[in-house]
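Below is the structure I would like to discuss, written out as structure tokens.
The values are calculated or read from the model by the stated rules, or taken from the named source; none is laboratory data. Because the structure is predicted, anything quoted here is derived from the model rather than measured. Neighbour counts are summed over all protein chains in view; Cβ atoms, including those assigned to glycine, are modelled from backbone coordinates with ideal geometry.
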Amino acid sequence: MILVVQVFTALLWSVVFNSIQLYVQNKLYQHTLALYLSPKLVKKFASNKELLRPGAKKETLTILFSDIANFTSISEGMDSDDLQRHMNGYFQTAVAQCIHHTDGTIVKYIGDAIFAFWNAPDPQSDHALRACEAALRFRDQPPQYMNGQRLITRIGLHTGVANVGNFGSTARFDYTALGENINLASRMEGLNKYLGTDILITGQSRDGAGDKITTRFAGRFRLKGFEKDVEVYELLGFRDLSEATRLWREPFENALREFRQGNFDAAEAGFRCTLELRPDDGPAKFYLHQIAELRVHPPAPDWAGEIELKDK
């Protein structure tokens, strides 16, 4: 009888221990998911351990890169604890109010930058629109300040195929995405500083979002490391902003059309008209500078209006 009790007790403790171990493992797994998925998606994938398996597959993603303009100079001389407090607040807003709000996946933080994407691990037929919404929510958040200066976030979006999954060694791996389309999204973010814009998206992202957003064509660019020209648009807002921006968008678009045809006098007049209506318009200023350069160094006969940028 004593032996039976001992065996039963041992079996009971084994069941209890395994249950506790499984509970802890599930909690750790959910905590891991919560590092990059929204609470809604954490619940959805809580029982799906496929996300922890090494390997990747090709998926069409809409990729976002963000960066704080002039962050190095703004943060210079700040106490490390104060800097950490400011950045934690900044990232908390970006994640909760913008990226996770639209069920995006946080891949990593790179200094003051954020790398995120949509359509993996959860399929989203409207992933381009979700990414655009996240970018606009990011831009329209109440202003945040650091060292007395307002933090301005630049954002780039691109939609394309990438390898997405767990990359790394058997000891440590990260859920991320790799491929040239990831690099292109990063270049879109960097292009903002040339054009004086906040949010730039590629033609693929614009097409994916459809008519629910308002954009303006910013030109075709040949970026360093990419053989093909990239069609670039500035994301202005949702569809309801179309009429409100038409007054200055139309002269800009007409001027850009003249520029691409090599009619620099007409283009200059159009860009100056844009600046009269919108004095701080970055793209109009950018193209006036390009016209001045091209008058000194005329383009090749087969030039089709593309802008070549040799720096990242």
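Would you mind finding the one in Asp281, Asp229 that is touching a residue at least 24 places away in the same chain (Cβ under 8 Å), within 24 Å of Ile199 (Cα to Cα), crowded, with 16+ Cβ neighbours inside 10 Å and touching a Ser or Thr at 6+ places or on another chain (Cβ under 7 Å)?
Within the list Asp281, Asp229, the selection yields Asp281.
Looking at Thr153, is it modelled with pLDDT of 95 or more, out of contact with any Cys (no Cβ under 9 Å at 6 or more places or on another chain), under 24 Å from Tyr90 (Cα atoms) and of a type outside the set (D, E, K, R)?
yes
Got a sec? Which strands (runs of 3 or more DSSP E) wholly within the stretch 152-208 have at least 1 residues that are among the charged types (D, E, K, R) and more than 13 Å from Leu61 (Cα to Cα)?
Per the criteria, 153-168, 173-178.
Let me ask something else. Considering only the stretch 257-278, state which residues are in contact (Cβ under 8 Å) with a residue 40 or more places away in the chain and either among the aromatic types (Phe, Trp, Tyr) or within 13 Å of Phe217 (Cα to Cα) (or both).
Across the stretch 257-278, the qualifying residues are Phe259, Arg260.
Given the condition within 18 Å of His86 (Cα to Cα) and part of a strand (DSSP E or B), answer yes or no: does some residue in the stretch 116-132 qualify?
For the stretch 116-132, residues within 18 Å of His86 (Cα to Cα) and part of a strand (DSSP E or B): absent.
Restricting attention to the stretch 218-240, does a residue exist that is assigned to a helix (DSSP H, G or I) and of a type in the set (A, V, I, L, M, F, W, C)?
Checking the stretch 218-240: not a single residue is assigned to a helix (DSSP H, G or I) and of a type in the set (A, V, I, L, M, F, W, C).
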